[in-house]
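Below you'll find the structure, written out as C-alpha cells, and then a few comments.
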Amino acid sequence: MRLTQLEYFVDVATTQNMSRSAKNLHIAQPSLSRTIHELETELATPLFTRNGRALELNMAGERFLKVANATLGTLKAGIDDLHHYTATNANQVTIRIESSTTMIPGLLQHLKKTVPDVSIRLIQHGLENNALVHYDFEFSTHPVKGNENQLLLSEEICFGVAADSQLAKKATAGTITAADIAQEQLICTEPNPLRELVLRTLQHDGVNIQPSFATGDRATIVGMVRAGIGICYVPRYSWPYVDLSGIKLLSLRPSRMTRKIYLSTPHNLVLSRGRLEVASTIAGYFSRLTIN
C-alpha cells in the first residue's frame, strides 16, 4: 500500500466526485480512478458505492477512512516533529574531548569567529562519558570503533629541558634517551591519554618512571622546567599558547615519540550545514597548527 493511495482515497471520500478530486490533486481522472481501483483490489473490498458518476462511501469505506485519516495524521505529526528537531539542533554542535588542553580555547575562539551562528557545547569524556549522551564530534587520540574518523594531526612528543641546563648542552643532535630521562624529575600533566602514551613509551624502552610532580596547568609545568626543577613532555603542535621561552625541546631517540589526533563522528549523525561548517573549520584550524 502506498501513501499516495491513502491521500487520493481521503480526497475522493471527501468530495465523492472523481472529477473534482482529480482537479484538487492535479492529476488526470483516469489515473485517479486507477489508483482507487488498485487500493480496493489490495484491500479485497470495495470502498465506494457507485451510481453512475456519483460516489458514496460504503460501510467498509467509512471504517477505512478513519484508518487513513489517523495514518496520515500520525505521519504529519512525525514530519512536524522532525522539522522542529532539526530546526532546534541545526545551530548547536556538541563536541566531546578526552581531556583538557591549551588548544581548546584557541579552537573555540576560531569557531566563534568563523561560524558565529553555531553554538558550541563541550563535554568531557570521563565526566559525561555515558554512551547515550549525544555528541556530534569527538577529539580522540585513536580511531573510535563504529565512527567515521578523520585524522586531524600527527605530531611529535618532545621533552622540554631548561635551555641553560647541562642536559640541554650535552644533548646529541637535539635528542634525549629514555635512560637520560630516568635520571631527571619528570613533571607531568594530570592523568590523560598524553601522559599515558609518554609513560607507556618510556616503559617500552625499559624505563619505568613515576612522575615527580603533576598539574593540569601547562604554564606551571613549563615554569618549573625553566627553573631547573625537572623536565617535561611537550606536544609539538597542540600546546600552541604555552610560553616555551627558555626551554629546549629534545626528540626521543632512537625512535621519536608521536601521537595522532582524530575528529571522530558517529556514523548515524545527520550532517547539517552547521555541522559541516564546524567540521571544515576544525580541520582548517588543525592544519594551520602545523604551519605556525
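When you look at E156, is it touching a Lys or Arg at 6+ places or on another chain (Cβ under 7 Å) and either in a helix (DSSP H, G or I) or touching a residue at least 12 places away in the same chain (Cβ under 8 Å) (or both), yes or no? Yes, satisfied. Take the range 212-230 and flag every residue that is surrounded by 14 or more Cβ atoms within 10 Å (Cβ to Cβ), of a type in the set (V, I, T) and part of a helix (DSSP H, G or I). Hits for the range 212-230 are I221, V222, V225.
Condition check ((1) in a loop (DSSP other than H, G, I, E, B); (2) touching a strand residue (DSSP E or B) at 6+ places or on another chain (Cβ under 9 Å)) across all residues:
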residue: Y233; (1), (2): no, yes
residue: Y241; (1), (2): yes, no
residue: S255; (1), (2): yes, no
residue: T258; (1), (2): no, yes
residue: L269; (1), (2): yes, yes
residue: R275; (1), (2): no, yes
residue: A283; (1), (2): no, yes
residue: F286; (1), (2): no, yes
residue: I291; (1), (2): yes, no
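Checked against the criterion of being at pLDDT 90 or above and outside any loop (DSSP other than H, G, I, E, B), the range 79-87 contains not a single residue that satisfies it. The criterion of at least 1 residues that are more than 23 Å from T74 (Cα to Cα) and touching a Cys at 6+ places or on another chain (Cβ under 7 Å) is met by none of the helices (runs of 4 or more DSSP H) falling completely within the range 1-60.
The condition of being modelled with pLDDT of 90 or more, closer than 24 Å to L199 by Cα, within 18 Å of the chain's Cα centre (by Cα) and surrounded by 12 or more Cβ atoms within 10 Å (Cβ to Cβ) holds for only one of L111, L153, that being L153.
Do we find that P143 is assigned to a loop (DSSP other than H, G, I, E, B) and loosely packed, with under 12 Cβ neighbours inside 10 Å in this structure?
no
Condition check ((1) surrounded by fewer than 17 Cβ atoms within 10 Å (Cβ to Cβ); (2) of a type in the set (D, E); (3) in a loop (DSSP other than H, G, I, E, B)) across all residues:
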| residue | (1), (2), (3) |
| --- | --- |
| I181 | no, no, no |
| E190 | yes, yes, yes |
| Q210 | yes, no, yes |
| L244 | yes, no, yes |
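The values are calculated or read from the model by the stated rules, or taken from the named source; none is laboratory data. Predicted, not measured: the structure shown is a model, and the values here were computed from it. In this analysis, Cβ positions are derived from the backbone assuming ideal geometry, glycine residues included, and neighbour counts consider all displayed protein chains.
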